[in-house]
Structures are given as C-alpha cells and as structure tokens.
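Below: one structure, written as structure tokens.
The values are calculated or read from the model by the stated rules, or taken from the named source; none is laboratory data. Quick caveat: nothing in here was measured; it's all calculated off a predicted structure. Please note: Cβ atoms are built from the backbone with ideal geometry, for glycine as well, and neighbour counts cover all protein chains shown. What goes into the accessible areas is simple: the full protein's heavy atoms, side chains included, and nothing from ligands, DNA or RNA. Shrake-Rupley method; radii C 1.70, N 1.55, O 1.52, S 1.80 Å.
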Amino acid sequence: RLPEYVASGQQFKLEVQPIFQNPYESFSARKPVDSYLFNTALRLGIAKNKAEATNLVDDALKSVGLSLAVVKGKYPTQFSGGELQRVSIARALITRPKLIIADEPVAAIDASMKMNIVNLFKELKDKYKVSFIYITHDLGVVANVADRIAVMYAGDIVELGTCDEVFYDPRHPYTWALLSSLPQLGTKDEPLYSIQGTPPNLFHEVKGDAFAPRNPKALKIDFVERPPFFEVTPTHYARTWLMDPRAPKVEPPEHVRILREKGVNRVG
C-alpha cells in the first residue's frame, strides 16, 4: 500500500514516520526541541489546539522515559545523544504511525546507551502496535529486535527469513560471511574474519550474483546469471545458485556451522 500513502501525502506523513541515524542532524541547533514536537502535532492536524498538542507531546515523551517539563525550552546541544534520540522517537510516535523506519538509530549513540534504546523499540512495538523497518549493519542489534530479517547486498535482497532461520540456518554466502564476522565467534589471538574485496560499482551493470567476485565458493553461473529466489521453507528464501538442485553440495564455513550447532550469545 506504500504507493497509496505516497499519493495521498498527508496520510503518508501520519502513518509512516522516520527515525534517523544522527539525532543532532534531525533538529536545528537554533530551535528548542519541543517546538518540533508541537509542530508535528499541530501542523499535521493531529491536535486541534495547543492544549491537545501538549497532552500528545507529553504522552509521547513519557513513553520514551522523558517529559515535557524536562525538554521544554532546551536546545539539541543540551541533550546527550541517547536523550536526543529518545526525543526523535517521541516525535515519530505523536502521529500514532503504523510503520516507523529506523535508519541506524543507535549507530551514533554511546555503547552504554545502545541497548537501552534497542529495548525501548521492543517496548514501543507492543505498546503502540507499530511495525518497525530497522536498517542496520549491527547483527547484535538485529538479533535483539527483528522478527524477520532481509539481508541486502548491492541494493538487492539476497536472503529473507525469520530471525532464527537467518542466524541458525543461513543459505546465502554473503549471510555466511556476515555471521562469520561476529566478534562472538572470534578465536583468541587470531584476527577476526573479514570479507575480502570491495562491493560492486552500481553505476555499472552487475552481471550474475553481485557477491560472486567476493565469494570463494562462487560457481561459474554466478558470474553470468542472476540467481532467482529459492525456497528453503515457506518463510525462508535465498537468492543463490547453491540452492539449485543441480548445484554441488557446498558446506557453510566453520564459523556458521558452530553458530548453527551450538548457538552463541547474540546480544551485541
């Protein structure tokens, strides 16, 4: 239904809200942060007057562990990164959206506050019955917030499944490489696994599987033809020729086998 929302404009603003990576770039340093919250409530027609807007703003702030009394009249530079990101989340909640798109929302936040924000997302999902599209490179965060995971490479979804399916039964070589890079799977006194090579230049045509040049287990067809999605289960799909019945049997890397067989602590 996304095209319908875009076409209606106002409906899109109400039902889909963003949360960006760096909260300090989401607010002007010359305006108090509460002015943004009131503008969201009043300009989008959610509140009919200042009194209604005040109630909405205060309720949204309390949901993220703040209050209007705490933030009123304060500028962005008077908040820590974690506090300001909570204000960003509160602004998104004011419209009672059905979908929040969070783009690396904890990447610019101190590590000590990261899990607090991640846990807050889980609480808000249940309280407000809102869905999240959470965009991140942090697999530890993914494991803690996701019900379903879409692994993307070069702008293309290469694997899609539930959290457990992608972590414990991955099928695409890029997913294997990402999981092999988990610090929890490292061995003392040995360097962490890293993916060799560089991503493709998307200004040029990409033939076959875009990950093939970086994949030591690539087949000849990977360099010629883009693979289709193969079904692993009704909820799990992978775009790799290794899933073709005619392909040779290729075992996942040792790190992935360890993850599958024993499991690891997936908290980042």
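With the condition kept exactly as written, say whether any residue in the stretch 149-168 is in contact with a helix residue (DSSP H, G or I) (Cβ under 6 Å, 6 or more places away or on another chain), under 25 Å from residue 250 (Cα atoms), among the acidic types (Asp, Glu) and at pLDDT 90 or above. Steps first, answer last, please.
Taking the stretch 149-168 and keeping what is in contact with a helix residue (DSSP H, G or I) (Cβ under 6 Å, 6 or more places away or on another chain), we get 149, 151, 153, 158-159, 168.
Now restrict to residues that are under 25 Å from residue 250 (Cα atoms): 149, 151, 153, 158-159, 168.
Pick out the ones that are also among the acidic types (Asp, Glu) and you get 159.
Subset that is at pLDDT 90 or above: 159.
There is at least one residue in the stretch 149-168 that is in contact with a helix residue (DSSP H, G or I) (Cβ under 6 Å, 6 or more places away or on another chain), under 25 Å from residue 250 (Cα atoms), among the acidic types (Asp, Glu) and at pLDDT 90 or above.
Scan the stretch 235-253 residue by residue and report those that are open to solvent by 60 Å² or more (accessible area, probe 1.4 Å) and within 23 Å of the chain's Cα centre (by Cα).
237
Any residue in the stretch 14-39 that's modelled with pLDDT of 90 or more: show its pairings with residues that are part of a strand (DSSP E or B) and among the small types (Gly, Ala, Ser) at Cβ separation under 8 Å, as long as the two are six or more apart or on different chains.
Cβ pairs passing all conditions: 18/102; 19/102.
Residue by residue through the stretch 144-193, note down the ones that are among the aliphatic types (A, V, I, L, M) and out of contact with any strand residue (DSSP E or B) (no Cβ under 9 Å at 6 or more places or on another chain).
154, 177, 179, 182, 185, 192
Got at least one residue in the stretch 203-218 being within 23 Å of the chain's Cα centre (by Cα) and in contact (Cβ under 8 Å) with a residue 40 or more places away in the chain? Give the steps one after another, and end with the answer.
The initial filter retains those residues of the stretch 203-218 that are within 23 Å of the chain's Cα centre (by Cα), namely 210-211.
From what's left, in contact (Cβ under 8 Å) with a residue 40 or more places away in the chain: 210-211.
Among the residues of the stretch 203-218, at least one is within 23 Å of the chain's Cα centre (by Cα) and in contact (Cβ under 8 Å) with a residue 40 or more places away in the chain, which makes the answer yes.
Conditions first: (1) assigned to a loop (DSSP other than H, G, I, E, B); (2) open to solvent by less than 30 Å² (accessible area, probe 1.4 Å); (3) within 25 Å of residue 116 (Cβ to Cβ). Residue 21 passes all but one, so which condition is the exception?
With (1) assigned to a loop (DSSP other than H, G, I, E, B); (2) open to solvent by less than 30 Å² (accessible area, probe 1.4 Å); (3) within 25 Å of residue 116 (Cβ to Cβ) applied to residue 21, the lone miss is (2).
Helices (runs of 4 or more DSSP H) wholly in the stretch 102-197 with at least 1 residues that are among the acidic types (Asp, Glu) and open to solvent by less than 70 Å² (accessible area, probe 1.4 Å) - which ones?
Numbers: elements: 111-128, 139-145, 163-168, 173-180.
By residue number, 163-168.
Check the stretch 45-53 and report whether any residue there is in contact with a helix residue (DSSP H, G or I) (Cβ under 8 Å, 6 or more places away or on another chain), open to solvent by less than 20 Å² (accessible area, probe 1.4 Å), modelled with pLDDT of 90 or more and in a helix (DSSP H, G or I).
So far as the stretch 45-53 goes, yes, one or more of its residues are in contact with a helix residue (DSSP H, G or I) (Cβ under 8 Å, 6 or more places away or on another chain), open to solvent by less than 20 Å² (accessible area, probe 1.4 Å), modelled with pLDDT of 90 or more and in a helix (DSSP H, G or I).
Could you tell me how many of the residues in the stretch 57-75 are surrounded by fewer than 21 Cβ atoms within 10 Å (Cβ to Cβ) and either part of a helix (DSSP H, G or I) or of a type in the set (S, T, N, Q) (or both)?
8
Would you tally the residues in the stretch 198-215 being part of a helix (DSSP H, G or I) and open to solvent by less than 60 Å² (accessible area, probe 1.4 Å)?
2
For the stretch 76-96, name all the residues that are of a type outside the set (D, E, K, R) and open to solvent by 10 Å² or more (accessible area, probe 1.4 Å).
In the first step, residues of the stretch 76-96 are kept if they are of a type outside the set (D, E, K, R); the result is 76-82, 84-85, 87-90, 92-95.
Within the stretch 76-96, 77, 78, 79, 80, 81, 95 meet the criteria.
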